[in-house]
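Nothing in this text is a laboratory measurement; each read-out follows from the coordinates by a stated rule. All figures in this text were calculated on a predicted structure; none of them were measured in a lab. Don't worry about glycine lacking a Cβ; one is built from the backbone with ideal geometry, like all the others, and counts go over all protein chains shown.
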Amino acid sequence: MRKQIAAANWKMNLTLQQGETLLDEITAAGIALASNQQVIFAVPSPYLPMAEARLGSFADFDASAQNIYHKESGAYTGEISAAMLVSLGIKFVVIGHSERREYFSESNADLAAKVDIALKHELTPIFCCGEPLEIREKEGQNAYVAKQLEESLFHLSADDIKKVVIAYEPIWAIGTGRTASTEQAQEIHAYLRSVIAKKYSDAVAGEISILYGGSVKAANAVELFSSPDVDGGLVGGASLIPAEFIAIIKALK
Ligand code: 13P
């Protein structure tokens, strides 16, 4: 059975001390996860050892990097390699967030290379896709996100794509307070799963967790996650508020 996942994306927020307090408040809630559930915190890179240390004793609570470089090692000042993350005990990495695509010009081809190096080092990629507002207004979202999957993921073998977590994050819903409706989320998640099924198989598509991201909060998480093809959320703003993120974890199927 595929995992239901609550993933926090702290982005470039919080001091180390604020991050420590946030993790302590969330883990102190004593949430018992079911065997199909997973909680992930994508924290700023300097906080990864802190997060790993704090989460280590909580089963299925894990830290994640927010980005990775596609080269093994070498003269790439400021970048972080897969091997570095593995050496810290990290198991997850967010790849292709729309903010990286927009502000750092990461292309579908760049992201394919990042996915490859992550998988080579046995890191689980949390691969983000999602359309901008002008594409949604023209109802071009399906073709747009299918192309993102095709160009960054569909070179993978069936065994490898099963290791990827997909996060559908419509750009118009990120940080705007404007959430996709439950129907919109279910519709495009089911579409993404059908595209994967067509390329690979129903069985492969059925094993891949597809998270929704974009203004997820305690007030809408239960309804969003209740959709059959929505396997949890990737959460920005609300993940910085302990009570909000605790409620979002509890909203998992
Ligand atoms: P918000 O939850 O703040 O809209 O951010 C979503 C997001 O980008 C998570 O990666």
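At a glance:
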quantity: Segment 78-125 pair-distance distribution - Cα-Cα, 5 Å bins, rounded %; calculated: 5, 22, 30, 23, 15, 5
quantity: Charge sum, other residues only, whose C-beta stays under 13 Å from L211's C-beta, Lys/Arg counted +1 and Asp/Glu -1; calculated: +1
quantity: Relative packing of 175-188, 20-33, which averages over residues the other C-beta atoms within 10 Å, highest first; calculated: 175-188, 20-33
quantity: Segment 114-253: relative contact order in percent, alpha carbon pairs under 8 Å with at least 6 residues between; calculated: 22
quantity: Separation between Cα centres of segment 178-234 and segment 37-105, rounded to whole Å; calculated: 23
quantity: Low-density loop positions, GluC sites (Glu not before Pro), segment 85-140 - DSSP coil, at most 12 other Cβ in 10 Å; calculated: E122, E139
quantity: For the chain, the fraction of alpha-carbon pairs in successive 10 Å shells from zero, as %; calculated: 7, 34, 39, 18, 2
quantity: Relative contact order (%) - the chain, alpha-carbon pairs under 8 angstrom, separation at least six; calculated: 21
quantity: Against the rule of thumb 2.2 N^0.38 Å, how large the Cα Rg of segment 91-241 comes out; calculated: 0.97
